[in-house]
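The values are calculated or read from the model by the stated rules, or taken from the named source; none is laboratory data. None of the values given here were measured: they were computed from a predicted structure. Methodologically, a virtual Cβ is constructed for each residue, glycine included, from the backbone with ideal geometry; neighbour enumeration extends over all protein chains shown. Remember, those area values only see protein heavy atoms, side chains included, never the ligands or the DNA or RNA. Shrake-Rupley method; radii C 1.70, N 1.55, O 1.52, S 1.80 Å.
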Amino acid sequence: MIIFQNISKTYQIGDEKVHALSHANIHIYREEFVSIIGPSGSGKSTMMNIMGCLDTPDEGQYILDGQPIEHCTESDLARIRSRKIGFIFQSFHLIGNMSAEENVELPLIYQKLSARERKERVKESLNKVGLYKRRRHKPSQLSGGQQQRVAIARAMAQGPSLYLADEPTGNLDSNTGYQIMNLFHELHEQGNTIVLITHDESVASQAERSIRMKDGDAKEVMV
Ligand SMILES: Nc1ncnc2c1ncn2[C@@H]1O[C@H](COP(=O)(O)OP(=O)(O)OP(=O)(O)O)[C@@H](O)[C@H]1O
Ligand SMILES: [Mg+2]
């Protein structure tokens, strides 16, 4: 599903170069549940941004679902992101002045689905995360764990087969984090591919396999 061949990414700030990724090689198979663990600044989010076609490497080749992405245009990448990939972030990235159901519906409008299809998907995905009865609540009226469940419902509603989660439990207490991890386990059991970034060893070890990052290098570790 995901192949990184010698991928490097360097950021330049003034005169200083930061090698966020240097010659990373990774292989993630379809229907795997993989965690990416490593210290702050080791390149985890940079790697996820490239996996999610939000950013492109300076060097090396990224192959997603058999397709090399290097010749894709910005609109090709936008299409890949909206059809194939569900994103979940540490800080939820919900729109504050929209209700839960409007947040879940918004990307479906960009997918040009009919109003009826959108309503069905919103209902189904909010039901799956146990928040349909809170559908009219705004993010500020929901707990952190509930906001993250809305964000997961928003990703699910788009029907991706790959879920990329960057520290999804990072802002949550351990009990709430546990509920969120259960949703990822369910998505995995349904045949989706899950890539989850974390600092937390106990979260990382719930995946089938961990990729350990160190200074922009990826070392695959069997857990
Ligand atoms: N847009 C950017 N511009 C400049 N430098 C960046 C940028 N994004 C990341 N970096 C640098 O690249 C390195 C890797 O950053 P990255 O965000 O991938 O780390 P991370 O492993 O996700 O860290 P954290 O656990 O703190 O989220 C860091 O040194 C960071 O400062
Ligand atoms: Mg990060």
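List of remarks:
- Equivalent ellipsoid, the range 1-122 (semi-axes from 5 times Cα gyration tensor eigenvalues, Å): 30, 18, 15
- Shown for the range 115-181 is the translational diffusion coefficient from the Stokes-Einstein equation, using the Kirkwood radius over Cα pairs, a temperature of 20 °C and a viscosity of 1.002 mPa s: 171 µm²/s.
- Expected 222 nm ellipticity per residue - DSSP helices of 4 or more, -39500 (n - 2.57), all of the chain, to 500: -10500 deg cm²/dmol
- Cα pair count fraction exceeding 20 Å, expressed as % - the range 73-223: 49
- Summary of packing: across the peptides 137-146, 119-128, the per-residue average of other C-beta atoms within 10 Å ranks them, highest first, as 119-128, 137-146.
- Cα pair distances in the range 172-223, grouped into 5 Å bins until the bin that holds the longest one, percent each: 4, 17, 27, 24, 16, 9, 2
- Computed on the Cα atoms alone, the convex hull of the range 136-218 gives a volume of 114 cubic angstrom per residue.
- The residues of the range 2-222 expose, per residue, 49 Å² of accessible area to a 1.4 Å probe.
- Helix axis angle, 74-84 relative to the chain longest principal axis, alpha carbon, degrees: 60
- Between 0 and 90 degrees, the angle of helix 144-157 with respect to the longest Cα principal axis of the chain falls at about 80 degrees.
- Inter-part distance where the range 23-95 and the range 137-194 are each reduced to a Cα centre, Å: 18
- Taking only protein heavy atoms and a 1.4 Å probe, the accessible area of the chain is 47% carbon and sulfur.
- Candidates 191, 110, 210 compared by Cα position along the dipole of the chain: farthest toward the positive end lies 110, with charges placed on Cβ.
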